[in-house]
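Right, one structure below, let's go through it.
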Amino acid sequence: MMTIGQLDYALKEKTPIFLRAVTGKKKVELTNYIRGQSCVLSWEVNSIEILGKKKGVVADILLSESVISALETIEE
């Protein structure tokens with residue numbers, strides 16, 4: 001398994017990363033502000049969906065969709 005931080009390091013911030021709950025459909029982009037939250041980078045990635053080189057990848061996380069929605073609201 002890999003963490004979000006390891007995935008982010010492997011892609012070197014050239015490819016957008018979106019976070020999604022395994023049971024949900026909502027995606028939130030991993031922004032620099034969210035990268036600053038060290039606990040987020042330690043979350044384990046359950047699976048990865050490749051959208052395309054320029055479109056990004058989706059990392060499915062074993063958390064509820066409400067946690068993913070909360071990430072979106074911290075930046076507002």
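The values are calculated or read from the model by the stated rules, or taken from the named source; none is laboratory data. From a predicted model like this one, the values you see are computed outputs, not experimental measurements. All Cβ positions, even for glycine, are placed from backbone atoms using ideal geometry, and neighbour counts span all protein chains on display. Accessible surface areas use protein heavy atoms only, side chains included; no ligands, DNA or RNA. Shrake-Rupley method; radii C 1.70, N 1.55, O 1.52, S 1.80 Å.
Count neighbours as other Cβ atoms within 10 Å of each site's Cβ, and list the GluC sites (Glu not before Pro) in region 14-66 that are DSSP loop with at most 12 such neighbours. The partial results should precede the final answer.
On the way: sites: GLU29, GLU44, GLU49, GLU65; in loops: none.
Of the GluC sites (Glu not before Pro), not one in the loops of region 14-66 has a Cβ with at most 12 other Cβ atoms within 10 Å.
Can you send over the carbon and sulfur percentage of the accessible area for the chain, probe radius 1.4 Å, protein chains only?
For the chain, the apolar C and S fraction of the accessible surface comes to 54 percent.
With the radius of gyration and the Kirkwood radius both derived from the Cα set of the chain, what is their ratio Rg to Rh?
On the way: Rg = 11.2 Å, Rh = 12.2 Å.
Rounded to two decimals, Rg/Rh equals 0.91.
About the Cα centre of region 1-72, what is the dipole size in debye to 20, counting +1 per Lys and Arg Cβ and -1 per Asp and Glu Cβ, all else neutral?
340 debye
How much of the DSSP beta bridge set in the chain is antiparallel, as a percent to the nearest 5?
70 percent
Note the full-extension length gain between GLU72 and SER38 as 0.36 nm times their separation in residues minus their Cα-Cα distance, in nm to one decimal.
10.6 nm
What accessible area per residue comes out for the chain, rounded to a whole number of Å², with a 1.4 Å probe?
On a per-residue basis, 64 Å².
Mind checking which lysines have their C-alpha under 23 Å from LYS12, skipping anything on the same chain fewer than 8 residues away?
Result set, ordered by chain and number: LYS27, LYS53, LYS54, LYS55.
May I ask you to list the trypsin sites (Lys or Arg not before Pro) in the chain that are in a DSSP loop and have at most 10 other Cβ atoms within 10 Å of their Cβ?
Those that pass, being in a loop and sparsely packed, are LYS12, LYS14, LYS25, LYS53, LYS54.
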